[in-house]
Amino acid sequence: MAPRAQLPPEIQLAQRLAGNEQVARDRAVRKLRKYIVARSQGAAGGFTHDELLKVWKGLFYCMWMQDKPLLQEELGRTISQLIHAFQTTEAQHLFLQTFWQTMNREWTGIDRLRLDKFYMLMRMVLNESLKALKTQGWEERQIEQLLELLTTEILHPDSQAPSGVKSHFLEIFLEELSKVGAAELTADQNLRFIDPFCTIAARTKDSLVLHNITRGIFEAIVEQAPFAIEDLLNEVDSQEEEEDDDDEDNEDGMSEDDECKQDVPSGKPGSLRGAACNPSNEPAEDGEDSVGPVLQFDYEAVASRLFAVASQQSTPSQNRKRLYKVIRKLQDLAEGLFPEDDVPEKAYRNLQEEGRDQRTKKRLPTSTSHKSGKGRKEDSCPDLSSGSERMTKRRRRRRRRGSGAEPTGPQEQPGVPGQRGPRKKRRRSRAGARVKVAGSQELQTKQQLLQSRK
């Protein structure tokens with residue numbers, strides 16, 4: 001009987017990683033980390049592309065088999081931190097490349113009950129890849145290599161990435177970048193990070209990708225602009241306060257730390273005076289409205305870069321129209337104009353109340369009716385049912401033309417039934433009729449007197 005051929009170590013680890021028992025899977029993950037460190041430091045070199053694909057196949061099903069959210073989070077963190085076990089940047093990028101290729105290949109087979117854990121795994125792997133850049137000092141060449149890798153495997157039109165992978169990546173990229181590098185990255189470096197998204201947004205023919213890029217990258221920058229400026233102002237104020245404190249300490253000749261050392265012995269923890277002098281012991285209070293770290297951007301530079309790619313002839317009209325809207329918002333931010341949504345609620349309510357007061361003041365003179373006698377004109381109430389001021393003005397003109405003189409009594413109020421008053425024309429006709437009746441009565445009495453005399 002021929003001896004059984006021994007399988008490669010990568011396949012053996014993959015089989016153990018996809019086992020049914022959790023203890024065996026955890027042990028396989030620990031062995032995999034040791035194997036990666038030993039293999040990377042060996043003289044033979046690192047892993048090949050096919051070997052890492054086999055490793056990721058086992059890691060994918062290791063995550064597939066894991067239940068319970070807390071254990072899933074712990075396993076996802078352990079898997080994502082395997083990138084730091086590789087010794088070279090090329091090996092780390094190959095590890096990331098095979099991860100995204102595995103997710104693209106296996107994504108359509110994931111059921112909706114397991115989507116959340118793989119969303120979390122994608123977020124953690126992206127976070128650790130950015131942390132690897134941070135440990136290397138945010139070198140430009142390595143940033144370009146990572147962005148090229150992500151663009152090729154996820155956002156490029158020729159990539160095999162499903163829509164779910166693209167959408168989730170565009171949703172979490174800016175958020176994870178702000179978590180890792182908000183305190184260190186400059187505006188120029190942040191512009192370099194979003195530069196591939198500008199190019200893809202101008203060239204893509206996929207409307208979903210265009211929508212996700214504008215919503216997840218550019219509009220997110222616009223929405224975070226007030227918080228970014230607030231953080232920048234707070235940083236400037238803190239620096240000025242530190243300089244003022246240093247000047248005061250130099251003038252007094254003694255700092256607060258020296259006073260703490262003189263007043264409180266160093267070996268007594270828990271002293272009230274020592275706790276007051278040590279600001280690091282105070283717990284940091286997180287405000288309810290805090291949005292976390294926010295990236296700083298040069299909005300004029302971002303708008304210029306977007307305009308440069310959107311104004312090209314090869315840019316589709318739909319993409320150009322969508323990007324021009326974002327460019328206008330960025331230009332407004334560069335000029336110091338914020339969107340209306342960023343106005344505080346209290347100030348917005350005050351503006352509304354002021355507008356209502358002004359409108360009511362304008363309506364008050366027209367809504368009240370004045371008593372008019374001889375020599376006064378009556379300000380009639382406008383017809384609210386018609387809703388048109390032009391009609392009321394025409395009616396007034398017709399009345400004035402028809403009457404020929406100022407009214408001596410209350411006029412008819414248009415649109416208000418039951419309040420109709422006599423006009424001057426009718427009063428004249430009625431007066432004439434009364435004169436005629438009085439004259440006829442006088443003739444009759446004279447004739448009767450003449451007949452009686454005869």
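Return the pairs, sorted by first residue and then second, in which the second residue is modelled with pLDDT of 95 or more and in a helix (DSSP H, G or I), the first residue lies in region 109-133 and is among the β-branched types (Val, Ile, Thr), the beta carbons are less than 7 Å apart, and the residues are 6+ apart or on different chains.
110/118; 125/80; 125/99
Each row is one residue, and each column tells you yes or no for (1) open to solvent by 50 Å² or more (accessible area, probe 1.4 Å); (2) under 25 Å from residue 177 (Cα atoms).
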| site | (1), (2) |
| --- | --- |
| 293 | yes, yes |
| 297 | no, yes |
| 304 | yes, yes |
| 309 | no, yes |
| 314 | yes, no |
| 319 | no, no |
| 325 | yes, yes |
| 329 | yes, yes |
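Among the residues of region 44-71, how many are open to solvent by 30 Å² or more (accessible area, probe 1.4 Å) and not aromatic (Phe, Trp, Tyr)?
Initial filter on region 44-71 (open to solvent by 30 Å² or more (accessible area, probe 1.4 Å)): 44, 46, 48-51, 53-54, 57, 61, 64-65, 67-71.
Those still in the list that are not aromatic (Phe, Trp, Tyr) too: 44, 46, 48-51, 53-54, 57, 65, 67-71.
Adding up the residues that qualify gives 15.
Does residue 89 meet the test of being polar (S, T, N, Q), at pLDDT below 95, within 38 Å of the chain's Cα centre (by Cα) and open to solvent by less than 50 Å² (accessible area, probe 1.4 Å)? Please lay out each step first, then the result.
Details: polar (S, T, N, Q): yes; at pLDDT below 95: yes; within 38 Å of the chain's Cα centre (by Cα): yes; open to solvent by less than 50 Å² (accessible area, probe 1.4 Å): yes.
Judged against the criteria, residue 89 is a match.
Could you list, in sequence order, the residues of region 71-122 that are touching a Leu at 6+ places or on another chain (Cβ under 6 Å) and basic (Lys, Arg)?
none
Which one of these does residue 183 not meet: (1) in contact with a Pro (Cβ under 9 Å, 6 or more places away or on another chain); (2) of a type in the set (A, V, I, L, M); (3) part of a helix (DSSP H, G or I); (4) more than 22 Å from residue 300 (Cβ to Cβ)?
Unmet for residue 183, out of (1) in contact with a Pro (Cβ under 9 Å, 6 or more places away or on another chain); (2) of a type in the set (A, V, I, L, M); (3) part of a helix (DSSP H, G or I); (4) more than 22 Å from residue 300 (Cβ to Cβ): (3).
Can you pull out the residues in region 305-324 that are more than 16 Å from residue 206 (Cβ to Cβ), touching a residue at least 40 places away in the same chain (Cβ under 8 Å) and either polar (S, T, N, Q) or out of contact with any Cys (no Cβ under 9 Å at 6 or more places or on another chain) (or both)?
312 - this is the single residue of region 305-324 that is more than 16 Å from residue 206 (Cβ to Cβ), touching a residue at least 40 places away in the same chain (Cβ under 8 Å) and either polar (S, T, N, Q) or out of contact with any Cys (no Cβ under 9 Å at 6 or more places or on another chain) (or both).
Those residues that are out of contact with any Ser or Thr (no Cβ under 9 Å at 6 or more places or on another chain) and open to solvent by less than 30 Å² (accessible area, probe 1.4 Å), I need them from region 191-218; list them, please.
Selection gives 193, 194, 198, 204, 214, 217, 218.
Of the conditions (1) part of a helix (DSSP H, G or I); (2) in contact (Cβ under 8 Å) with a residue 60 or more places away in the chain, residue 153 satisfies every one except a single condition; which number is it?
Failed condition: (2).
How many residues, within region 38-73, are closer than 25 Å to residue 90 by Cβ and part of a loop (DSSP other than H, G, I, E, B)?
Number satisfying all stated conditions: 7.
Taking region 105-124 on its own, how many of its residues are of a type outside the set (Gly, Ala, Ser), assigned to a helix (DSSP H, G or I) and open to solvent by 20 Å² or more (accessible area, probe 1.4 Å)? Before the answer, list the steps.
Here is the first cut: in region 105-124, the residues of a type outside the set (Gly, Ala, Ser) are 105-108, 110-124.
When the remaining residues are screened for being assigned to a helix (DSSP H, G or I), the result is 105-108, 112-124.
Next, from what is left, pick out any that are open to solvent by 20 Å² or more (accessible area, probe 1.4 Å): 105-108, 112-116, 119-120, 123-124.
Number satisfying all stated conditions: 13.
State all residues of region 125-144 that are over 19 Å from residue 80 (Cβ atoms), open to solvent by less than 80 Å² (accessible area, probe 1.4 Å) and assigned to a helix (DSSP H, G or I); if no residue qualifies, say none.
First, pick out the residues of region 125-144 that are over 19 Å from residue 80 (Cβ atoms): 137-141, 143-144.
Applying the additional criterion that residues be open to solvent by less than 80 Å² (accessible area, probe 1.4 Å) yields 137-138, 143.
Passing the criteria: only 143.
The values are calculated or read from the model by the stated rules, or taken from the named source; none is laboratory data. Values in this document were obtained by computation on a predicted structure and should not be read as measured data. Neighbour counts run over all protein chains shown; Cβ positions are idealised from the backbone, glycine included. SASA here: full protein model, heavy atoms, side chains in, ligands and nucleic acids out. Shrake-Rupley method; radii C 1.70, N 1.55, O 1.52, S 1.80 Å.
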